[in-house]
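Structure first, then comments.
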Amino acid sequence: MNIQQYQDYEAFIFDMDGTLIDSMKQHQQAWEFALQLFNIPYTSEQMLAMSGMPTGLSVEKLLADAHISNIDVAAVAEAKEQRYHQLVNSEVLATPLIEVFEYYRGKKPMAVGTGASQQQAELILAKLGIAKQFEAIVGADLVAEHKPAPDTFLKCAELMNVQPQGCLVFEDADAGVAAANAAGMDVVDVRNLWPANYFVD
């Protein structure tokens, strides 16, 4: 990875799961647990397409696709999140992108813009020991519209006091790439940097 190629940008924004944090295995296992618990059908293609979306919205879409109306969305989402916390608390690993963070730490403002909740993001980043080193952490509950809307990344830019066009976004999901484009920011799709490992059969 050529880290210095990013030096002309004013600031960096990282998605969290699958981009900065290698937590996709835990997310997959948590989803499988919750969806099997409630007998909700799913395919790997569906899960990949929803990567980066908040949990509740993903559950709503799966239920709509399966024409199921008698299951509590909040209960499924809670089961998934509880299982995920159990799994991720045992092990949190950084992706290779941590090298970019470490190289530019203290040199350029950096933020995290994630589909996870604010509390969840802060807990996971704290477990990795880097939460306090970001100018901003923007969870899904801090914005009105989630990815692929630009709100998350625009909020990051605002909190860093940097113009959107000066930001470079690192993302691993179609919704996040679309959000970065909608925000007028350049984006690096990290799926081109290392193999994807989310809901692959």
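Of note:
- Scanning the stretch 137-174 for residues that are within 20 Å of Thr95 (Cα to Cα), open to solvent by less than 40 Å² (accessible area, probe 1.4 Å) and in contact (Cβ under 8 Å) with a residue 40 or more places away in the chain returns Leu168, Val169, Phe170, Glu171, Asp172, Ala173.
For (1) over 24 Å from Glu81 (Cα atoms); (2) out of contact with any Ser or Thr (no Cβ under 9 Å at 6 or more places or on another chain), each residue gets a yes or a no:
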position: Ala126; (1), (2): no, yes
position: Gly129; (1), (2): no, yes
position: Glu135; (1), (2): yes, yes
position: Ala149; (1), (2): no, yes
position: Met160; (1), (2): yes, yes
position: Pro164; (1), (2): yes, yes
position: Ala173; (1), (2): no, no
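- Of Leu57, Leu63, all but one fail to be out of contact with any strand residue (DSSP E or B) (no Cβ under 9 Å at 6 or more places or on another chain), part of a helix (DSSP H, G or I) and either under 29 Å from Ile98 (Cβ atoms) or of a type in the set (Gly, Ala, Ser) (or both); the exception is Leu57.
- Answer residue from the stretch 1-19, given it is surrounded by 19 or more Cβ atoms within 10 Å (Cβ to Cβ) and either small (Gly, Ala, Ser) or closer than 15 Å to Pro109 by Cβ (or both) and is modelled with the lowest pLDDT among those: Gly18
- Restricting the stretch 156-166 to residues that are among the hydrophobic types (A, V, I, L, M, F, W, C) and closer than 17 Å to Leu142 by Cβ, the residue that is nearest to the chain's Cα centre (by Cα): Cys156
- Test: Asp22 is in contact (Cβ under 8 Å) with a residue 60 or more places away in the chain, open to solvent by less than 30 Å² (accessible area, probe 1.4 Å) and either among the acidic types (Asp, Glu) or more than 29 Å from Gly129 (Cβ to Cβ) (or both): no
- Residue within the stretch 188-201 that is in contact with a strand residue (DSSP E or B) (Cβ under 8 Å, 6 or more places away or on another chain) and under 12 Å from Ala111 (Cβ atoms) present: no
- The single condition among (1) touching a helix residue (DSSP H, G or I) at 6+ places or on another chain (Cβ under 9 Å); (2) in a helix (DSSP H, G or I); (3) loosely packed, with under 15 Cβ neighbours inside 10 Å that Ile68 does not satisfy is (2).
- Residue in the stretch 180-187 that is over 15 Å from Asp17 (Cα atoms) and in contact with a Cys (Cβ under 6 Å, 6 or more places away or on another chain) present: yes
The values are calculated or read from the model by the stated rules, or taken from the named source; none is laboratory data. None of these values were measured; they are calculated from a predicted model. All Cβ positions, glycine included, derive from the backbone under ideal geometry; neighbour counts span all protein chains shown. All accessible areas refer to the heavy atoms of the entire protein, side chains included, with ligands and DNA or RNA removed. Shrake-Rupley method; radii C 1.70, N 1.55, O 1.52, S 1.80 Å.
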